[in-house]
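For reference, the structure is listed below as structure tokens.
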Amino acid sequence: MVSFTSSIRYNTIKRSSLLAGYNSVSSRPAIILPLTRSYAAPAQTNRRAIEGQVSKELAKKKEAARMMKLRAETKTYTNTPLYFDVPTALRFIRASEVGSPVNQTTINMTFRLVAEKGTAMLQGSIPLPKPLRQTKICVFTSDERLAKAAKEAGAHLAGSTEVIEAVKKGEIDFELAFATPDVMGQLGPIARALGPKGLMPNAKRGTVTDAATILEQVREQSGAVTYKQKADTLSVTVGRVNFTDAELARNILTISQHIKNQSKTVKSKKPVLIGKTILSSLRSPGIVISV
């Protein structure tokens, strides 16, 4: 029979062993916690935040230096041996294209635009006094605003009653016709005059459509040149080498004035400036001009 003293000694040893198994550093069960952001070292988090802030500051300084350089360039772009007036520049370009097909070689005008980062890009179309290709277009519409916009986009004729009356008299001075759906009911009396010539607007051919599509088609078909800014440059075709100096000069002046007007409408903290303007062809050097 176990004595009372032995029982106490046994229980004490057992209890000590159990406590040692859970409290001892060597025998304590390992607890693995998932690594989350809340357990990230504060020093490492602060370091990343500081590095990010430094990178942003460096990017801002770099952009400010770039803008300062470009804005200074708008005042000094004439300091180059390739700066000429337009007639002289055209002579150089024609000389560079001797031997090439003059009726196919085009002359381009490239603008350097100086604008703050994030400023909206310029894009649109410009009807030229001497287009590269020209199609006389008539737009039948009762919408006066559309008629005005169509003429500005390059349409030869636009309207409803007055244009229909002219066609009735045999005055068909156009090569392509578009119409909005609302005016189709009025074209019945002139269908026999337009139909045989292939000029009657037809929904299946896409010539009876909405205002936006008509304006887009007029710009493409009438000879207006389209442009779209890429980064800080904008390039527009001004004509072909076989155009006369007077025709090219009018196109250059029209394009330059249009781009200047468009740049003034852009919403920005600082005004959009036009830096150097370059005239060039496929084989010629880029010649800086002043317009």
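The values are calculated or read from the model by the stated rules, or taken from the named source; none is laboratory data. These numbers come from a predicted model, not from an experiment. Note that we place each Cβ from the backbone using ideal geometry, even for glycine, and neighbour counts take in every protein chain shown.
Within region 80-119, can you find the residues that are polar (S, T, N, Q), over 21 Å from the mean Cα position of the chain (by Cα) and under 22 Å from Leu234 (Cβ atoms)?
At the first step, the residues of region 80-119 found to be polar (S, T, N, Q) are 80, 88, 96, 100, 103-106, 108, 110, 119.
Cutting the leftovers down to over 21 Å from the mean Cα position of the chain (by Cα) gives us 80, 88, 96, 100, 103-106.
Across region 80-119, the qualifying residues are Thr80, Thr105, Thr106.
When region 117-139 is examined, which residues are found to be part of a strand (DSSP E or B) and farther than 30 Å from Ala59 by Cβ?
First, the residues of region 117-139 that are part of a strand (DSSP E or B): 123-126, 137-139.
Residues satisfying the conditions are Gly124, Ser125, Ile126, Ile137, Cys138, Val139.
From (1) in contact with a Lys or Arg (Cβ under 8 Å, 6 or more places away or on another chain); (2) surrounded by fewer than 17 Cβ atoms within 10 Å (Cβ to Cβ), pick out the condition that doesn't hold for Leu234.
All conditions pass for Leu234, except number (2).
Within region 126-139, can one find any residue that is touching a residue at least 12 places away in the same chain (Cβ under 8 Å), over 25 Å from Gly239 (Cα atoms) and hydroxyl-bearing (Ser, Thr, Tyr)?
Here is the first cut: in region 126-139, the ones touching a residue at least 12 places away in the same chain (Cβ under 8 Å) are 126-139.
Imposing the further condition that a residue be over 25 Å from Gly239 (Cα atoms) reduces the set to 139.
Right, trim to hydroxyl-bearing (Ser, Thr, Tyr) and you get none.
Checked region 126-139: no residue is touching a residue at least 12 places away in the same chain (Cβ under 8 Å), over 25 Å from Gly239 (Cα atoms) and hydroxyl-bearing (Ser, Thr, Tyr).
Please specify each residue of region 272-290 satisfying the condition of being buried (at least 17 other Cβ atoms within 10 Å of the Cβ) and either assigned to a loop (DSSP other than H, G, I, E, B) or of a type outside the set (Val, Ile, Thr) (or both).
Residues of region 272-290 buried (at least 17 other Cβ atoms within 10 Å of the Cβ): 272, 274-281, 284, 287-289.
Scanning region 272-290 gives Val272, Gly275, Lys276, Leu279, Ser280, Ser281, Ser284.
Going through Ser284, Ser280 one at a time, which residue ends up being in contact with a Phe, Trp or Tyr (Cβ under 8 Å, 6 or more places away or on another chain), over 21 Å from Arg66 (Cα atoms) and assigned by TED's automatic domain parsing to the domain that holds Glu97? Write out each step before concluding.
Details: Ser280 fails: in contact with a Phe, Trp or Tyr (Cβ under 8 Å, 6 or more places away or on another chain).
The conditions single out Ser284.
Going through region 207-231 one residue at a time, which ones are under 28 Å from Val102 (Cβ atoms), over 19 Å from the mean Cα position of the chain (by Cα) and loosely packed, with under 15 Cβ neighbours inside 10 Å?
Matches in region 207-231: none.
Pairs please, first residue from region 264-282 and within 30 Å of Glu97 (Cα to Cα), second anywhere and in a strand (DSSP E or B) and among the basic types (Lys, Arg), Cβ atoms under 6 Å, 6+ apart in sequence or on different chains.
Once the first residue is within 30 Å of Glu97 (Cα to Cα) and sits in region 264-282, its partners that are in a strand (DSSP E or B) and among the basic types (Lys, Arg) give Gly275/Arg112; Lys276/Arg112.
Given Ala203, Ala231, which one is out of contact with any Phe, Trp or Tyr (no Cβ under 7 Å at 6 or more places or on another chain), of a type outside the set (Asp, Glu), without any contact (Cβ under 8 Å) to a residue 60 or more places away in the chain and not assigned by TED's automatic domain parsing to the domain that holds Lys148? First the steps, then the outcome.
Numbers: Ala203 fails: not assigned by TED's automatic domain parsing to the domain that holds Lys148.
Just one listed residue meets the conditions, Ala231.
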